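The values are calculated or read from the model by the stated rules, or taken from the named source; none is laboratory data. Owing to the predicted nature of the structure, the values given are computational and were not obtained by experimental measurement. Every residue, glycine among them, receives a Cβ derived from its backbone with ideal geometry; neighbour counts consider all protein chains shown.
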């Protein structure tokens, strides 16, 4: 199991994160982190818990992107049944079908991995965009305050 976590919006940009096994054993615990990639080998059958905690920050909410990738064999039961009947007449045909099947599975795994990486990159882009929008608001606000201060100073100096 691979878990990717990233805080994409909120004050402080950090959360506490943990992964708990079905036997209530903490496998991963991180405190006040903004992102991380965690690999856990599922050694027990059952439901694993992924926990996010923002209790240290009572006044600000966070937006968290996370992705769970389950690495399992790429064999689909239905796909094997479709291929099984096609390679029986000749051994040469069977070898060629096995090569084609292996190539298709490799392409499928690579496309799935590309999709996952694009999702991760979109999360980075979302976090950066939120930071830029927040900084733009701050810069605009203080620029207006500075402009008003200059105007009032100018009017005060001219009139007195």
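Here are the numbers for this structure:
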| read-out | value |
| --- | --- |
| Verdict on residue 97 being part of a helix (DSSP H, G or I), modelled with pLDDT of 85 or more and surrounded by 10 or more Cβ atoms within 10 Å (Cβ to Cβ) | no |
| Check on residue 112, surrounded by 11 or more Cβ atoms within 10 Å (Cβ to Cβ), modelled with pLDDT of 80 or more, outside the structural domain of residue 39 (by TED's automatic domain parsing) and closer than 23 Å to residue 126 by Cβ | yes |
| Residue that is surrounded by 10 or more Cβ atoms within 10 Å (Cβ to Cβ) and modelled with pLDDT of 80 or more, where the choices are 156, 56 | 56 |
| Wholly enclosed strands (runs of 3 or more DSSP E) of the stretch 1-52 bearing at least 3 residues within 19 Å of the chain's Cα centre (by Cα) and over 23 Å from residue 116 (Cα atoms) | 26-33 |
| Candidates 10, 36, filtered to the one that is under 22 Å from residue 56 (Cβ atoms) and buried (at least 16 other Cβ atoms within 10 Å of the Cβ) | 10 |
